[in-house]
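Colleague: Input: one structure, supplied below.
The values are calculated or read from the model by the stated rules, or taken from the named source; none is laboratory data. As the structure is a prediction and not an experimental result, all values here were calculated from the model. We place every Cβ from the backbone using ideal geometry, glycine too, and count neighbours over all the protein chains shown. Keep in mind that these areas ignore ligands, DNA and RNA; they rest on the heavy atoms of the full protein, side chains included. Shrake-Rupley method; radii C 1.70, N 1.55, O 1.52, S 1.80 Å.
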Amino acid sequence: VELEIKAIDTSVIIYSGGDDLFFVGRWDTIIALSEAIYKKFKDWTNGVLTISGGIEILPSKFPIMQGAKMTAKSEHKAKNHVIKIGNEGIEKNSITLFGKPFNWEHEFSIVNELQDKIYKFITSENIEIKPRLDKSIIGKINLHADSQRNYFEKKLTNEPVSPQWMWLIAYDFSQIISRTKDEDAKKFIKELQLASVINQYEGKEIKNKYLFLQILQLAARWAEMRYRSNN
């Protein structure tokens, strides 16, 4: 009900026909609406049919026709997205967000869960109480994710490169843990620290297209956008 009220106030359907839907609105409402549509569609079809889409986050005065063309390209990415789980290739059933296609169930759900945890740790509803985790964690995540990406890009071209991102993330996150007083926040950072190096999440190996640290960077970007929008 809360989402429906927010959607009425902050979004509008531009086109709806056949199996296509195009709507614009506040960025966080659009993401939430897209996920709600996916879940409703999955329940209605018993998971037999897939649904894919693209989201582009653009300035409020951006030309809508140009935005529509960009979103169509994002939708195309989602429809052509394939992930491999075991020996099975899973096609479509994806959403493109921040320029990256994510399978709804196996990838988007992880990004969404991580961004929500980060946001709640760096935010306090009571202005008299400090957040449980300093917002600087987002900058650290971005720094080490970029370093990891650079490492693997150079490795592919056989350039000499050192995996220094591994011990730097271990050091930086350890420093954050030592400065953090909240025990749940400490536990969360320890989990991120280990998961980034061994490429696991909640004890399970990441088997999709993206490395954990790259997923974490996108989640951090999402959490930062929420923080800025609500502060």
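Colleague: Quick one: count up the residues across region 1-41 that are under 22 Å from PHE98 (Cα atoms) and either under 17 Å from the mean Cα position of the chain (by Cα) or in a loop (DSSP other than H, G, I, E, B) (or both).
Modeller: Here the count works out to 12.
Colleague: In region 46-80, which residues are touching a residue at least 40 places away in the same chain (Cβ under 8 Å) and either touching a strand residue (DSSP E or B) at 6+ places or on another chain (Cβ under 6 Å) or open to solvent by 60 Å² or more (accessible area, probe 1.4 Å) (or both)?
Modeller: Within region 46-80, THR50, SER52, GLY53, GLY54, ILE55, ILE57, ILE64, THR71 qualify.
Colleague: I've got another one for you. Can you name every residue in region 88-120 that is of a type in the set (Asp, Glu) and within 14 Å of ARG221 (Cα to Cα)?
Modeller: Of everything in region 88-120, those that are of a type in the set (Asp, Glu) and within 14 Å of ARG221 (Cα to Cα) turn out to be GLU113, ASP116.
Colleague: Here is a follow-up. Any idea which of (1) open to solvent by 40 Å² or more (accessible area, probe 1.4 Å); (2) modelled with pLDDT of 90 or more is the one LEU33 doesn't satisfy?
Modeller: (1)
Colleague: Another question, then. Taking region 42-76 only, how many residues are part of a loop (DSSP other than H, G, I, E, B) and not charged (D, E, K, R)?
Modeller: Total meeting the criteria: 15.
Colleague: Restricting to helices (runs of 4 or more DSSP H) lying wholly in region 99-215: which have 3 or more residues that are surrounded by fewer than 16 Cβ atoms within 10 Å (Cβ to Cβ) and more than 16 Å from the chain's Cα centre (by Cα)?
Modeller: Output list reads 136-156, 164-179, 183-198.
Colleague: Do the conditions hold for ASP20, that is, is it acidic (Asp, Glu), within 17 Å of THR71 (Cα to Cα) and loosely packed, with under 11 Cβ neighbours inside 10 Å?
Modeller: So ASP20 fits the description; yes.
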